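Quick notes on the structure that follows.
The values are calculated or read from the model by the stated rules, or taken from the named source; none is laboratory data. From a predicted model like this one, the values you see are computed outputs, not experimental measurements. When we count neighbours, we look across all protein chains shown, and the Cβ atoms used for this are built from the backbone with ideal geometry, even at glycine. Side chains are part of the model used for accessible areas, which takes the heavy atoms of the whole protein and leaves out ligands, DNA and RNA. Shrake-Rupley method; radii C 1.70, N 1.55, O 1.52, S 1.80 Å.
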Amino acid sequence: MVYAPALPIETDRLRLRPFTRADVDAVFAYRRRDDVTEHLFDGPMSHETCTEVVQARIGQTALLAENDKLFLAVEAKRDHALIGEVSLILRDKGALQGEIGYIFHPDHHGEGFATEAAAQLLEMGFSGAGLHRIYARCAARNTASWRVMERLRMRREAHFREHAFVKGAWVEELVYAILETEWRQWPAR
Amino acid sequence: MQMSGLPLETERLRLRTFQSADLDAVMGYHALPEVQRYLDWKARDRTEVRAALDVMRAQTRLTRPGDVLALAVCRLNDDTLIGQVTLRWTDATAAQAELRFVFNPAFRRQGYAREAVRAMLDLGFDQLALHRIFARCDASNQPSARLLRVLGMRLEAHFREHALFQGEWDEELHFAVLDREWLRGSKVKELTRNMVA
C-alpha cells in the first residue's frame, strides 16, 4: 500500500495542507499552552522543539510502511490562518488499521472545525488508503475530544482506567473506532 | 520484585514454578488445537512443547518490566498438573501486569481456574504491589470471559476487527481490576468462616 494524497485537500471551511517552515509560530501558539498539552503525552513545547517538530512534519505526507504518519496543517479558508493539525497513522499494514489524531488552537474550539477535519481524515483513510478500521485515542477527561469522535459515529471500544502513569498522575484513556463498513453506512454525510 | 511465598497454596491447588518433569502434562494441553489457538508460541509437537517448557521454567521471578512469572497449577490431592497461570510485568512506573491462564480441558468446570487465577491476583496485589492487573481474551472465548467477569474484573475494551488472526478478523476483550477494587481471596475466606462459625 502506498498512500500519498494530492494536497491540499479542501472541505467546506478548511484546507488541509502539508506543513511548511513558516508554520512554526502558528503551531507554537497552541503547543506552548498548558490547556492544550494537559491531555497530551508531551508537555508544553519550547519554540526550539516546536521548530524541530514542524520541520519533521514537512516531509510526513505519505503512508508506505507501518507506523508512517501523515501530518497535515489545518487552515481556515476564510483567513488562511493555521488553526490546528491532524494526523493519520498507518498502524497495521496487514490488517489495514489506522489511527487519527487532531489538535486545535483553543481559540478555535466549539466551531466544529475538528469534526470537519477529522471526517475528512476518515474519508481519506477509508477511500484513499483503503483501511479497514480507524481508531482514535484520548484522555477520558478530554471531553471535547471524545465528543468529536462521537459526532463522527465512532464507537467507544475501550475505557482503560489508571493503565498508565504520566506526568505524575494516573491516566484514563478512551479508544474510539469505526470500521470501513460502518463509515459507508453513515447516511448523514 | 522479590518472589517469596512460592509455591502458593489454595484450598485444592498448589501453584509452583515449572520443572522439566512437567513435559508430558504440559504436552497434554498445549498441543490441543483449541488451546494452541490462544498461545503466542507454536506447541504442536514434543520438541516445540519442550522449548516452551524451557522458557517457562526460567520464568520464576519478575526482575524487570517484560519479565513473566509462570506457575504450574497442580491439584493438592494427587499432584496432577492441570494448567498454568502467568503474570507478565508490563509497566514499572504504573505497576501494571498482564494475567494469562491456560487449563487442560479435561479438568474444566470444577472451579480450578477460578481458584488458581484468584491466587495469582492475590499474589500480584499483595506481594508484588501492583496497581492494576489486566487480561485479554478472544471475544469468542466465552468461558474465559465469564471467568474474568466472575472474578470481578471489569470489561474495559472490546476491540472489533482490530487485527487479523490466521486470515480472519480478530475481536479482543480486555478485562482489568485495580488494587483498591480487588477483594482478597484469603480475607474473604476468613470472613466467611468466621461468619459461619
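For the stretch A:49-62, how many residues are of a type in the set (A, V, I, L, M), open to solvent by 20 Å² or more (accessible area, probe 1.4 Å) and not in a loop (DSSP other than H, G, I, E, B)?
Residues of the stretch A:49-62 of a type in the set (A, V, I, L, M): A:53-54, A:56, A:58, A:62.
Remaining after also requiring open to solvent by 20 Å² or more (accessible area, probe 1.4 Å): A:53, A:56, A:58, A:62.
Next, only the ones that are not in a loop (DSSP other than H, G, I, E, B) stay: A:53, A:56, A:58.
So the answer is 3.
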message: It is to be established whether one or more residues within the stretch A:39-62 are within 14 Å of chain B (Cβ to nearest Cβ) and on the phi > 0 side of the Ramachandran plot.
response: no
query: Considering only the stretch A:14-35, how many residues are more than 17 Å from the chain's Cα centre (by Cα) and assigned to a loop (DSSP other than H, G, I, E, B)?
result: 3
In the stretch A:164-179, the residues that are more than 9 Å from chain B (Cβ to nearest Cβ) and within 26 Å of B:CYS137 (Cα to Cα): A:GLU172, A:GLU173, A:LEU174, A:TYR176, A:ILE178
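Listed here are the residues, each with its yes/no results for (1) touching a Lys or Arg at 6+ places or on another chain (Cβ under 6 Å); (2) more than 29 Å from A:TRP170 (Cβ to Cβ).
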residue: A:PHE19; (1), (2): yes, yes
residue: A:ASP25; (1), (2): no, yes
residue: A:ALA29; (1), (2): no, yes
residue: A:LEU40; (1), (2): no, no
residue: A:PRO44; (1), (2): yes, no
residue: A:ILE58; (1), (2): no, yes
residue: A:ALA62; (1), (2): no, yes
task: Give me a count of the residues in the stretch A:130-145 that are more than 14 Å from chain B (Cβ to nearest Cβ) and small (Gly, Ala, Ser).
output: 4
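From the list A:HIS105, A:HIS109, exactly one residue is without any contact (Cβ under 8 Å) to a residue 40 or more places away in the chain, farther than 30 Å from B:MET153 by Cα and touching a helix residue (DSSP H, G or I) at 6+ places or on another chain (Cβ under 7 Å). Which is it?
Unique residue meeting the criteria: A:HIS109.
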message: Residues that are among the acidic types (Asp, Glu) and modelled with pLDDT of 90 or more, at least 3 per element: which strands (runs of 3 or more DSSP E) completely within the stretch B:114-197 meet that?
response: B:168-178
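This table checks each residue for (1) closer than 29 Å to B:TRP89 by Cβ; (2) more than 8 Å from every other protein chain (Cβ to nearest Cβ); (3) open to solvent by 80 Å² or more (accessible area, probe 1.4 Å); (4) modelled with pLDDT under 95.
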{"residue": "A:ARG147", "(1), (2), (3), (4)": "no, yes, yes, no"}
{"residue": "A:HIS159", "(1), (2), (3), (4)": "yes, no, no, no"}
{"residue": "A:GLU162", "(1), (2), (3), (4)": "yes, no, no, no"}
{"residue": "A:THR181", "(1), (2), (3), (4)": "no, yes, no, no"}
{"residue": "A:ARG184", "(1), (2), (3), (4)": "no, yes, yes, yes"}
message: Anything in the stretch B:107-117 that is touching a residue at least 60 places away in the same chain (Cβ under 8 Å), surrounded by fewer than 22 Cβ atoms within 10 Å (Cβ to Cβ) and of a type outside the set (Asp, Glu)? List them, or say none.
response: B:TYR112
statement: In the stretch A:84-101, anything buried (at least 21 other Cβ atoms within 10 Å of the Cβ) and in contact with an Asp or Glu (Cβ under 7 Å, 6 or more places away or on another chain) is listed as A:LEU90
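In the stretch B:173-187, which residues are under 23 Å from B:ALA139 (Cα atoms) and surrounded by fewer than 19 Cβ atoms within 10 Å (Cβ to Cβ)? Step through it out loud before you land on a result.
Looking only at the stretch B:173-187, we keep the residues that are under 23 Å from B:ALA139 (Cα atoms), and these are B:173-178.
Within the stretch B:173-187, just B:LEU178 meets the criteria.
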statement: Of the listed residues (A:ASP12, A:ASP35, A:ASP23), the one being open to solvent by 50 Å² or more (accessible area, probe 1.4 Å) and under 17 Å from A:HIS105 (Cα atoms) is A:ASP35
query: A:ALA65: at pLDDT 95 or above, assigned to a loop (DSSP other than H, G, I, E, B) and touching a Leu at 6+ places or on another chain (Cβ under 9 Å), yes or no?
result: yes
